[in-house]
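Here is the structure we will look at.
No value in this document is a laboratory result; all are computed from the given coordinates. In this text the structure is predicted, and so the values were computed from the model without any measurement. With ideal geometry, Cβ positions are generated from the backbone for all residues, glycine too; neighbour counts draw on all protein chains shown.
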Amino acid sequence: MYGLIGKMRAAPGKRDQLLYILLEGTRSMPGCLNYIIARDPADTSAIWVTEVWTDQASHKASLELAEVKEAIAKAKPLIAGFEFQIETDPAGGVGLP
């Protein structure tokens, strides 16, 4: 399995709009086992994204999907920046094989 955990910042007042775009644009991604988008309760501009994929190739291929490309294009103007992105090697857990 292949995992990513990232934190991004929305432009002021745009977090919920950005969340909606990310949720709508990532409904069907082959190889995606888990894709969670969460609000940071302590920071009104921060969003956490946690992803688990069958493998790194599936994640890379998802970036070429029309639905994902459209979501990225809509989301870009609402993103103030990225704080970090960490790759992980998921061992398993609830909902994962």
Sum of side-chain charges, LEU22 neighbourhood, beta-carbon under 15 Å (Lys, Arg +1; Asp, Glu -1): +3
Read-out log10 I(q)/I(0) by the Debye sum over Cα atoms at q = 0.12, 0.19 Å⁻¹, candidates [x] -0.64, -1.05; [y] -0.37, -0.93; [z] -0.65, -1.18; calculated match is [y]
So which aspartates and glutamates can LYS76 reach, going by Cα to Cα under 17 Å and dropping same-chain residues fewer than 8 places off? ASP16, GLU24, GLU64, GLU67
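Once R0 is set to 30 Å, what does the formula 1/(1 + (r/R0)^6) return for the Cβ-Cβ distance between ALA80 and CYS32, expressed as a FRET efficiency to the nearest 0.05? Before the final figure, lay out each step's value.
Numbers: r = 25 Å, r/R0 = 0.85.
The value I calculate is 0.75.
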CD proxy, 222 nm, the chain: helix-only mean residue ellipticity via -39,500 (n - 2.57) per DSSP H run with n ≥ 4, per residue, nearest 500, stands at -8000 deg cm²/dmol
